[in-house]
Amino acid sequence: MRGIILLKIKQKLAIFFEFVELRTKVASVFPMLAGFLWTYYRLGRFNWVNASLFALAVLSFDMCTTAINNAVDYHKAVDLDYKTSENVIGVHQLDFGQMVRIIFGLLAFSVIVSLVIVSRTDVLLLVLGGLCFLIGIGYTYGPMPLSRLPLGEVFSGLTMGFGIFFLAVYMTAYDQLLWSQWTGGMVTIGWNWALTLELFCYSLPLVSLIAGIMLANNTCDLEVDIRNHRFTLVYYLGKARALALYTGLQVLPWLVLLGLALTGRLPIWGLVTFVGLALHWPKVLAFRAKQVKRETFVLSVQSFVLVASLYCAWLLLGILLP
């Protein structure tokens, strides 16, 4: 009896993880990890409590937006074959109302944790966090979801690649990035735009790679998207140009890292990580040769994990071996 109960729990967890696409959360984890490492590498500071709370908020909200995307795709699907045999809700015949409740639960948890972080940092985080929530929800929900427009790659790359990286640094160094001072009836806001620009440069490899994941996904889904009236960037570019853009997005991180090393922003000896190109480039070529969701989309995720891991290792070694 106990074994049957455990098996049912395991099956339900597996379906839940499929519904929120847990395997894709590396796109949130690595910008966050890189931001934490950069904070210590560049500023010599770190806050474990804020970092832990931020990780919970980010992962919960990322799962929430993915769940919204799957629910909206199911609800708006025109192609019945996709609705019943490809979308996770149709495949497992899930209760749509229950899935909506799960979405609200994940959103509520993320909001509560975020408010705790606000109380520990600066009230301006309410504005930053609110903007992130609006973009995240607007990406998948509403009359014109960003994911159904030729803007998905831009918004996913910037919000996850730069936004999460920036906020990860903000958890510890908010008083050096963006802060407010309340005195009487006056509010003074300080913004270190130079440090923000520096952060953007450091986040560019992640921005590019995350945009590449979205582009790869949309390239694989082009025919299905057209049948379901989703007109993404690939629809307007065509597959040939989309693949050329994908290649550029995979090359850009290496060029940025090279520039950071040559200008002294990263330890020069870290260029040894460029041996990773020998593993990365064959994945790029393999995706260019074949774009099938179940077979080659994973190559874009693997490319992201590989380059992002090397980047984080570079930062970590920069901390350990200054």
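The values are calculated or read from the model by the stated rules, or taken from the named source; none is laboratory data. Values in this document were obtained by computation on a predicted structure and should not be read as measured data. Here the Cβ positions follow ideal geometry from the backbone for every residue, glycine too, while neighbour counts run over all protein chains shown. Just the protein is used for accessible areas: all its heavy atoms, side chains included, with ligands, DNA and RNA removed. Shrake-Rupley method; radii C 1.70, N 1.55, O 1.52, S 1.80 Å.
Evaluate the relative contact order of the stretch 24-320 (contact order divided by residue number), counting alpha-carbon pairs under 8 angstrom at least 6 apart; express in whole percent.
22 percent.
At 1.4 Å probe size, with every protein chain present, just tell me what the per residue accessible area of the stretch 24-320 comes to in Å². Don't jump to the answer; show the numbers that get you there.
Working: 13600 Å² over 297 residues.
Per residue, the stretch 24-320 has 46 Å² of solvent-accessible surface.
As a check on your grasp of the helix formula, calculate [θ] at 222 nm for the chain: sum -39500 (n - 2.57) over DSSP H runs of n ≥ 4, divide by the residue count, round to the nearest 500. Can you show the working numbers first?
Values: 15 runs with 231 residues, N = 322.
Rounded to the nearest 500, it is -23500 deg cm²/dmol.
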Original post:
Taking amide H positions as placed 1.01 Å from N in the peptide plane, with prolines and chain starts having none, which residues 5 or more places from residue 141, or on another chain, fall under 5 Å of its amide H?
Top reply: 146
**OP:** Take the cross-link list 83/293; 12/76; 10/76; 25/293 and give me the ones stretching past 20 Å between alpha-carbons.
**Re:** 12/76; 10/76
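In whole percent, how big is the carbon plus sulfur part of the accessible area of the stretch 1-156, probe 1.4 Å, protein atoms only? Numbers along the way, then the final one.
On the way: 5820 of 8300 Å².
Roughly 70 percent, rounded to a whole number.
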**OP:** Counting only C-alpha contacts under 8 Å and six or more residues apart, can you give the relative contact order of the stretch 187-322 as a whole percent?
**Re:** 29 percent
Subject >> Listed values (1) 67, 54, 32; (2) 55, 50, 46; (3) 97, 49, 29, entry calculated as Cα extents along the principal axes in Å >> reply: (2)
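Figure the gain on full extension for residue 43 and residue 123 (residue separation times 0.36 nm, minus the Cα-Cα span) and round it to one decimal in nm.
26.6 nm
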Original post:
How large is ³J(HN,Hα), in whole Hz, for each residue of the stretch 206-213 in order, when computed from phi with the Karplus curve 6.51 cos²θ - 1.76 cosθ + 1.60 and θ = phi - 60°, using x for Gly and Pro?
Top reply: 6, 4, 5, 5, 5, 4, x, 4
Original post:
the stretch 198-227 to the stretch 22-73: how many Å between their Cα centroids?
Top reply: 17 Å
Subject >> the stretch 18-33 - phi-based ³J(HN,Hα) in whole Hz, Karplus 6.51/-1.76/1.60, Gly and Pro as x >> reply: 6, 5, 9, 6, 4, 5, 8, 6, 4, 5, 9, 5, 5, x, 5, 4
**OP:** Please name which of 272, 236, 190 has its Cα lying farthest along the dipole of the stretch 175-322 towards the positive end, using unit charges on Cβ (Lys, Arg +1; Asp, Glu -1) and the Cα centre as origin.
**Re:** 236
**OP:** Quick one: among 188, 232, 39, which has the greatest mean-square fluctuation in a GNM of the chain with alpha-carbon springs under 10 angstrom?
**Re:** 188
Original post:
Just going by the charge dipole of the chain, with Lys and Arg at +1 and Asp and Glu at -1 on Cβ, which of 179, 212, 292 is farthest out on the positive end?
Top reply: 292
Original post:
Using unit Cβ charges (K, R positive; D, E negative) and no other charged atoms, how large, in debye to the nearest 20, is the dipole of the chain about its Cα centre?
Top reply: 500 debye
